[in-house]
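Everything on this sheet refers to the single structure shown next.
The values are calculated or read from the model by the stated rules, or taken from the named source; none is laboratory data. Just so it is clear, the structure is predicted and the values come from calculations on it, not from any experiment. Here Cβ is always computed from backbone atoms with ideal geometry, including for glycine, and neighbour counts include all displayed protein chains. Heavy atoms of the whole protein, side chains included, go into the accessibility calculation; ligands, DNA and RNA do not. Shrake-Rupley method; radii C 1.70, N 1.55, O 1.52, S 1.80 Å.
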Amino acid sequence: MTIAELLLPEWDIEITTTRTVLERVPDGRGEWKPHEKSFPMAHLAQLVSMMPAWVAAVTELTEFDIAPKDGPQAAGYAIQKTEKLLSDFDTNAAEGRAAIARTTDEAFQVLWTMKAGGVTQMVVSRHLALRTSVINHLVHHRAQLGLYLRMVDGKVPSIYGPTADTRQG
């Protein structure tokens, strides 16, 4: 079995689960945040919707600078309707899946470097970068979003098991 064949079922499960969380993000609560140091809900939801697009940066590049000194800066976050977040997420998830599927075992072993402002932050195999910087990172922010939903009295979907909102009986 190839690395891609091992990763794709996990990708599919995590993407499906993440979509159910994004579906519940309430329009009109974008500025809300649980603490002054926290992201606003709209920022967090938009980040979650964009993260699957990061797969291509890991599988197709050998180096990525998240804050290049002399290059283009990433676009800022905006408050978007849930429908737009879901549309973007679906596109990004499909592109991410396709990028995983076309990556060979040899390509997954290639070293990948993340920099910030030209300073190396980590050097790991593409496989490890995909697992930690994309999949695990997505799960982390999805969990934060689930907490935000609970705090604004939204319904939290089943993630790895039932929640108070999905339990039967």
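For the reader, a short list of remarks on this structure follows.
- Charge dipole magnitude, Cβ of K and R +1, D and E -1 - the chain, Cα centre, debye nearest 20: 500 debye
- Partner lysines for Lys84 [C-alpha distance under 25 Å; skip if fewer than 8 residues away on the same chain]: Lys33, Lys155
- Candidates His137, His35, His127: whichever shows maximal mean-square fluctuation once the chain is modelled as a Gaussian network with Cα springs under 10 Å: His35
- The slack in the chain from Arg102 to Asp70, taken as 0.36 nm per residue of separation less the alpha-carbon distance, amounts to 8.4 nm.
- Portion, in percent, of the accessible area of region 1-128 that falls on carbon or sulfur, probe 1.4 Å: 56 percent
- In the context of the full set of protein chains, residues of region 94-150 present 47 Å² of accessible surface per residue (probe radius 1.4 Å, heavy atoms only).
- Note: the chain, Cα convex hull, 122 Å³ per residue.
- Once exposed loop GluC sites (Glu not before Pro) are cut out (DSSP; at most 14 other Cβ, 10 Å), longest piece of the chain: 37-169
- Within region 41-117: Cβ-based charge dipole about Cα centre, in debye rounded to nearest 20 (Lys, Arg +1; Asp, Glu -1): 240 debye
- Amide H contacts of Asp65 (H built 1.01 Å from N, under 5 Å, at least 5 apart or other chain): Lys115
- Residue among Pro68, Leu85, His127 farthest towards the positive dipole end of region 1-159, charges placed on Cβ: Leu85
- Ranking by accessible area, most exposed first, for Asp70, Asp27 with a 1.4 Å probe: Asp70, Asp27
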